[in-house]
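The values are calculated or read from the model by the stated rules, or taken from the named source; none is laboratory data. Values in this document were obtained by computation on a predicted structure and should not be read as measured data. Quick reminder, even Gly has a Cβ in these numbers, built from the backbone with ideal geometry, and neighbours come from all protein chains shown. Just so you know, the surface numbers come from the protein's heavy atoms only, side chains and all, with ligands and any DNA or RNA stripped out. Shrake-Rupley method; radii C 1.70, N 1.55, O 1.52, S 1.80 Å.
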Amino acid sequence: MQGDSTTTLTDSVEIGGLTVPNRLYRAPLLECAGNGPDAVETYIDELEPAAEAGAGLIFQGASIVTDEGGCAAPNMTRVHDPEFVDRLSTLTDRIHDHDSRIFIQLAHGGLRSLSLWHREYREQNPDEGQLAVSEPPWQLRAADRAGLINVDADVLSTSEVRELADSFGRAAGYAADAGYDGIHLSGANMGIVQQFLSPYYNDRDDEFADGVRFLLAIRDAVREHAGDIPLVTKVPAETAAPPFVRRHLTHEDGVQIADRLSEAGYDALVPVECSVYWDASLIRGAYPERAWSAEELQSEYEAVFGGRLRARAVSLLNRLQARQFPAEPGWNADFCRAVREAVDVPLLCEGGLREREHCEELLNGGAADMVGIGRPFYAEPRLPVRLLRGERALCGSCNNCTVPQATGEPDRCRTPEVVRQRAQYEKQGAYDGN
Ligand SMILES: Cc1cc2nc3c(=O)[nH]c(=O)nc-3n(C[C@H](O)[C@H](O)[C@H](O)COP(=O)(O)O)c2cc1C
């Protein structure tokens, strides 16, 4: 077990035989880089500053392993094509120049795909449905009948599940060839990995009725295509599921899954408390008033959500959820501690962390071996310099960065006070050095 009473954020740590130079990581966040001619530059612009400023490990945001479908949001990158992934070696070189490490996060949205919720995308891609673990839950089918979403699910056969697992393995092989130091599975956020694990989605009667077996199939495929590259996954506990969802993963279920995955050779785990849906429980914080009321985005929200009334309804739901899930620093720490009782592999804790002192409390209190920070990197790409000096991140978890991404807008902090303060800090040289 790692993380004794003298651990600091600047201590190194081992993940699956890889030495990571310190214990601060950039959590996976959408970079909206796509696959176009500027994709690699977009990644470099977004990720290199974090490495240069002192983050020991960069988790690139979710990339999709198939050549079609499965994208949860606009402008996600696909990594099924070895020629494209090979171009990312420029990125991995740049991260390594700063003695940092980079893992790619592999994903597939399954039901949580653009064709489910994005009206404009659906109109442009009328034939695209969603891959599903089982017949979708009745609540989603009811929402489909009410015209709120578009369920067009194609339930995976046993051989298709194996083929999908192999797509993860092939993408891992391309990533290893491009110089990535490790593979991170998008195991939460209502992606297909969580859908396999969750009793809410998984009602199969083949070997994959046991959802952990999908992760074992991915492990085998990763080992076949990428050798012994470090392999990490998020592990969900669906404790934030709404009361009308009776079958969901409890804390205890999450601990058992973590235990099985560590036994099966997963090299590190990221325990996260979430819902069965893709909702505000993943990004706890304020209602993004400014983002929803931005004049220039209104027509785009209407196109995405299918009209003004629907856009308003989504905004109202967001408001209610923000009340339910306020920013709570270190909201995954209790779940991490419960997992720590059962497993010995390194645990990574993220969610609302904004201060070095708090991060080190978690490292020393048995909750985690590494700590991750997400949204604050949108506001301050060179945050580690200030954070490692003991200064607090500017991000107030206002979530104005999140909603515009539904329209394809790039990821960035959109809160003027924060942007102004960052500019001030830049002028003062607060981000210089590392
Ligand atoms: C816009 C946005 C995109 C995200 N994309 C991903 C992702 O691709 N994969 C993932 O596992 N988590 C993703 N997350 C969750 C973050 O990794 C992180 O757990 C969350 O933001 C909480 O940490 P924070 O409070 O430091 O932002 C995303 C979060 C946000 C706000």
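Before moving on, here are some points about what is shown:
- Charge tally for TYR43 (other residues, Cβ to Cβ under 11 Å; Lys, Arg +1; Asp, Glu -1): -4.
- Annotation: amide H of LYS234 within the under-5 Å range of LEU185, GLY187, ALA188, VAL270, sequence separation 5 or more or interchain, hydrogens built in the peptide plane.
- Close amide H pairs (under 5 Å, H built 1.01 Å from N) link ASN399 with ALA286, residues at least 5 positions away or on another chain.
- Under the span-like rule (Cα at least 27 Å along the axis, Kyte-Doolittle mean at least 0.5), DSSP H helices of the chain: none
- Heavy-atom accessible surface of the chain: percent carbon and sulfur, 1.4 Å: 46 percent
- Relative to the 2.2 N^0.38 Å rule of thumb, the range 146-253 has a C-alpha radius of gyration ratio of 1.17.
- Here the simple spin-label model places points 7 Å from the Cα toward Cβ, and for GLU417 and SER12 these points are separated by 4.2 nm.
- Binning the C-alpha pair distances of the range 285-352 at 10 Å intervals from 0 yields a P(r) profile of 18, 31, 21, 19, 10, 0 %, listed from the shortest bin outward.
- For the chain, built as a Gaussian network whose Cα springs stay under 10 Å, the top-fluctuating residue of ARG337, ARG94, ARG420: ARG420
- Just so you know, the Rg over Rh for the range 276-434 is 1.02, from Cα atoms, with Rh as the Kirkwood radius.
- Centre separation in Å (Cα based) which lies between the range 317-375 and the range 268-305: 19 Å
- Cα centroid separation - the range 158-191 against the range 7-68, whole Å: 16 Å
- A straight chain from ALA146 to ARG223 at 0.36 nm per residue would run longer than the Cα-Cα distance by 23.3 nm.
- Estimated FRET transfer efficiency (GLU123, ASP344; beta-carbon r; R0 51 Å; 0.05): 0.55
- Per residue, the solvent-accessible area of the chain (1.4 Å probe, heavy atoms of protein chains only, all protein chains present) comes to 40 Å².
- Theoretical ellipticity at 222 nm over the chain - DSSP helices of four or more residues, -39500 (n - 2.57) apiece, nearest 500: -11500 deg cm²/dmol
- The range 58-179 - percent relative contact order, Cα under 8 Å, separation 6 or more: 32 percent
- Net lengthening on full extension, GLU357/ARG247 (0.36 nm per residue, minus Cα-Cα): 35.8 nm
- Förster radius 22 Å - calculated FRET efficiency between GLU135 and LEU309, Cβ distance, rounded to 0.05: 0.15
- With 5 Å bins from 0: P(r) over the range 335-404, alpha-carbon pairs, percent: 3, 16, 25, 20, 16, 12, 7, 1
- Whole-number Å³ per residue for the convex hull built on Cα positions in the chain: 129 Å³
- Peptides 46-56, 203-213 ordered by packing proxy, namely the average of other Cβ atoms within 10 Å per residue, highest first: 46-56, 203-213.
- Annotation for LEU317 and ASP154: the two label points, set 7 Å from Cα along the Cα-Cβ direction, are 2.5 nm apart.
- Hydrodynamic radius (Kirkwood) for the range 25-159, which is based on Cα pairs only, to one decimal in Å: 16.3 Å
- Projecting the Cα positions of VAL276, SER134, ALA39 onto the charge dipole of the chain (unit charges on Cβ atoms of Lys, Arg, Asp and Glu, taken about the Cα centre) puts VAL276 furthest along the positive direction.
- DSSP beta bridges fully contained in the range 1-137 are about 25 percent antiparallel.
- Each label was represented as a point 7 Å from its Cα along the Cα-to-Cβ direction; for GLU391 and GLN424 these points are 1.1 nm apart.
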